[in-house]
1. Would you work out which of 6, 195, 84 lies farthest towards the positive end of the dipole of the chain, given +1 charges on the beta-carbon of Lys and Arg and -1 on that of Asp and Glu, about the Cα centre?
2. Among 101, 217, 119, which one moves the most in a GNM of the chain with springs linking Cα atoms closer than 10 Å?
3. Would you mind checking region 119-150 for residues with the amide N under 17 Å from a putative spin-label position 7 Å along Cα→C-beta of residue 191?
4. Counting only other residues whose beta carbon sits under 14 Å from that of residue 125, what net charge do I get with K and R as +1, D and E as -1?
5. Mind pulling up the Rg/Rh value for region 1-87? Radius of gyration and Kirkwood radius, both on Cα.
6. Between region 14-75 and region 139-188, what is the C-alpha centre distance in whole Å?
7. Gain in length, residue 102 to residue 134, computed as 0.36 nm per residue apart minus the alpha-carbon separation, to one decimal in nm?
8. Net charge around residue 182, counting only other residues with Cβ within less than 12 Å of its Cβ (Lys, Arg = +1; Asp, Glu = -1)?
Amino acid sequence: MNKLQPLLIALQFLTTLPVKVTVPIANKQLGQSLLFYPIVGFIIAVILISLASLLTSQSSYVAAILVLVSWVILTGGLHLDGLADSADAWLGGLGDKVKTLKIMKDPTSGPIAVSILVLLLLTKFIMLAELIAVQNWIAIILATTLSRTALPLLFLTTPYVRQNGIAALLIQHQPKTTTKQMVLAVTLISIFLSGVWILLLSFGLFLLLRYWMLQRLDGVTGDTAGAMVELLETGILITAVII
């Protein structure tokens with residue numbers, strides 16, 4: 001069970017699956033859980049694809065809305081919350097780091113956040129309908145997996161701007177060498193599955209979002225990391241439809 005502990009931690013943190021870690025969690029295991037984020041992404045994809053496969057007799061739009069609702073429930077809206085907080089803070093912070101971080105801590109969502117969430121979910125819905133219609137399951141796998149692979153890479157390469165919280169512990173105890181090996185392995189698998197275009201888009205968007213975080217905040221927060229997951233998922237789905 002101890003060997004599975006990091007995976008269970010990752011599942012408990014990133015999903016609403018009925019996984020409970022009851023024994024005390026060591027800081028080392030907390031850091032190791034980052035290595036299993038791509039696997040959690042793959043598990044999410046398998047569940048969503050299984051649901052979509054059961055709905056092939058339905059309209060692709062019916063299937064897409066049910067898959068999207070399941071996607072949000074399965075992840076507990078965790079990353080959507082980060083996107084909403086980041087959107088409000090980015091536009092309300094007016095380029096000021098302290099003000100941006102202060103707004104990001106506000107639990108309420110303003111009209112900017114609501115607008116961004118509606119646009120993103122609408123885009124995901126349309127892209128899912130297109131992908132389900134042609135049964136392009138690889139795109140869904142890449143969307144959920146690459147976006148979560150980006151988190152350990154972001155934490156490895158970008159300063160964390162807050163002094164406390166679970167993310168601070170994750171980053172402090174992150175196994176750096178193994179993280180690099182994991183990212184390389186996921187990269188090679190992605191190229192094998194879909195070629196280079198989706199991977200190039202993902203990496204380009206990763207670099208752009210990381211640059212914006214450094215410019216505004218001098219680093220990353222849990223909210224901006226969550227926003228990155230949502231934007232990468234959506235970008236990958238769009239790319240898969242276009243190409």
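1. Of the listed residues, the answer is 6.
2. With Cα springs under 10 Å in the chain, the top fluctuation among 101, 217, 119 is at 119.
3. Backbone N within reach: 146.
4. Values: positive: 124; negative: 130, 230, 233.
Summing Lys and Arg as +1 and Asp and Glu as -1 gives -2.
5. Numbers: Rg = 15.3 Å, Rh = 14.4 Å.
Radius of gyration relative to Kirkwood radius: 1.06.
6. Using only Cα atoms to place each centre, the spacing works out to 17 Å.
7. Values: separation 32, 0.36 × 32 = 11.52 nm, distance 4.45 nm.
Here the segment from residue 102 to residue 134 would lengthen by 7.1 nm.
8. Numbers: positive: 148, 176, 180; negative: none.
Taking every other residue near residue 182 into account, the sum is +3.
Throughout, read-outs are computed from the coordinates displayed, never taken from laboratory work. Remember, it's a predicted structure, so these values are computed and weren't measured experimentally. A quick note on method: Cβ atoms are made from the backbone with ideal geometry, for glycine too, and the neighbour counts reach across all protein chains shown.
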